[in-house]
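Reviewing the structure listed below.
The values are calculated or read from the model by the stated rules, or taken from the named source; none is laboratory data. For clarity, every value in this text was computed on a predicted model and none was experimentally measured. In this analysis, Cβ positions are derived from the backbone assuming ideal geometry, glycine residues included, and neighbour counts consider all displayed protein chains.
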């Protein structure tokens, strides 16, 4: 259910602008990996290269290798759609489909990809909503629009929608930045639970959050505005936050810049 | 250091004046609308009866009262329906290409430009084009279908423009959410983007329908006209409500003038009915329902 990601020598471009340069790292299965770093340093861009969402933007392209358990996601014959089916994503702002009910939102991934029987679908929806800690709050109003939930509930609905298609990896792009502390806590608890089944990668601006939830942390930075972002350091989270080997990491974590 | 300031009398007066001007402009804008409606309703009600709605003008003498616009109502409904069947799919697909696939490339800019050009085509030119090409060059008979083709030329740019705007309003977030679930692009468009934009697209199509339902000139050149009922839009001259009004209003008798007013009233009612139905469909499909 959970796979390892190996990235080597990855560059990502927006048209002529190089956004990240020469990123190499290994993301371990059944663990949470956090990306931290100042705004505009390419964390989200890098995250989006992992499930080939980067290339959705016109003019954007990627060079380098991303291996999912040894299989190159950027090989010429690979179908991007199938990559995204295996590597799910949760976005910064909750984005449930406004025309669909709560039930349909969770079922969307399966329903838009083919046929699933009604009883099977009921099971998947319940299981996913339970997995996202949302079932008890919405079980009586599954047919109501997903957009009617609160922000934190919407974000958990999006997580339920992402895990309903049973991906190997779950990418989360600042999933809590639009949420209040209580909803944030709910999602952090959820991540700790999901870690048993998924490889989780999370981008966050909140260093306490990275320290709380992640097993490993990568620090991204860029030399100056307009230059491409790079990985400065990656290590066990406990080491990164107590005894980083790079001066820049320490400066960023202690709040001396960024 | 700044202090809390109070609103000066000068600003208060200016505020009142601008407010007054806005109300005045609103009243001026409403006057023609209300007066047109009033005139059409008060003059049209006289002949708005069952005979008008169920009879044609066949065998109605020049000075006779009675007669009706059944043939014209049938014609208008069929022509507008056919025009929609032609122009809505083409227009919608064009809009989808422009928004989802064009990416501002050369082809999409060229299409955009020609859509703008089409918006400016006078309706009589659309009629002349169909007359010259379909009827004179290809030798086809006058028919409701020829009229529908002329109307669809007029509808298409409106449909493209309004659908394009509505599709652009769909947040990129939703497309990305769908892609991230491993849904292919075309299914994302069909299942996520189009339903989200549906209400707006329907409104746009209805505006286009309302615009062409009242066109007279292109029909005059392509549908010709007749006093008899012709249910077949593909063969032989038909009638349309605008043509009926045009024809009756040109006659010298009061009975004909009355029929013209009632024809105009019927046309307005039909367009309103279309709008109502479209709004019902949009409401029925809208996510706000059931909240």
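Odds and ends about this structure:
- Residue tally, condition touching a residue at least 40 places away in the same chain (Cβ under 8 Å) and touching a helix residue (DSSP H, G or I) at 6+ places or on another chain (Cβ under 7 Å), over the stretch A:84-98: 10
- Criterion (farther than 29 Å from residue B:125 by Cβ, more than 19 Å from the chain's Cα centre (by Cα) and away from chain A (no Cβ under 14 Å)) met by exactly one of B:247, B:173, B:227, B:254: B:254
- Here the strands (runs of 3 or more DSSP E) wholly within the stretch A:1-101 that include at least 1 residues being more than 24 Å from residue A:161 (Cα to Cα) and at pLDDT 90 or above are A:5-14, A:17-27, A:32-36, A:60-68.
- Looking across the stretch A:88-109 at every residue that is in contact with a strand residue (DSSP E or B) (Cβ under 6 Å, 6 or more places away or on another chain) and crowded, with 24+ Cβ neighbours inside 10 Å, the one that is nearest to the other protein chains (Cβ to nearest Cβ) is identified as A:89.
- Residue A:152 within 16 Å of residue A:178 (Cβ to Cβ) and in contact with a helix residue (DSSP H, G or I) (Cβ under 7 Å, 6 or more places away or on another chain): yes
- The set of residues in the stretch A:69-85 being within 14 Å of chain B (Cβ to nearest Cβ) and under 22 Å from residue A:202 (Cα atoms) consists of A:73, A:80, A:81, A:82, A:83, A:84, A:85.
- Checked against (1) over 21 Å from residue A:27 (Cα atoms); (2) in contact with a helix residue (DSSP H, G or I) (Cβ under 6 Å, 6 or more places away or on another chain), residue A:226 passes all but condition (2).
- Selected residue (only one of A:129, A:112 is buried (at least 18 other Cβ atoms within 10 Å of the Cβ), over 30 Å from residue A:25 (Cβ atoms) and facing another protein chain (nearest Cβ under 9 Å)): A:112
- The residues listed here are B:91, B:75, B:104, B:127; of these, the one that is at pLDDT below 95, more than 30 Å from residue B:49 (Cα to Cα) and surrounded by 17 or more Cβ atoms within 10 Å (Cβ to Cβ) is B:127.
Conditions (1) closer than 12 Å to residue A:90 by Cβ; (2) within 12 Å of chain B (Cβ to nearest Cβ); (3) surrounded by fewer than 24 Cβ atoms within 10 Å (Cβ to Cβ), marked per residue:
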| position | (1), (2), (3) |
| --- | --- |
| A:154 | yes, yes, yes |
| A:157 | yes, yes, no |
| A:161 | yes, yes, no |
| A:170 | yes, yes, no |
| A:180 | no, no, yes |
| A:188 | no, no, yes |
| A:193 | no, no, yes |
| A:197 | no, no, yes |
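- Selection count where residues are out of contact with any helix residue (DSSP H, G or I) (no Cβ under 6 Å at 6 or more places or on another chain) and more than 7 Å from chain A (Cβ to nearest Cβ), scope the stretch B:176-188: 2
- None of B:88, B:80, B:99 is farther than 23 Å from residue B:228 by Cα, touching a residue at least 40 places away in the same chain (Cβ under 8 Å), assigned to a helix (DSSP H, G or I) and within 18 Å of the chain's Cα centre (by Cα) except B:88.
- Of all residues in the stretch B:141-170 being surrounded by 17 or more Cβ atoms within 10 Å (Cβ to Cβ) and more than 20 Å from the chain's Cα centre (by Cα), the one that is farthest from the other protein chains (Cβ to nearest Cβ): B:142
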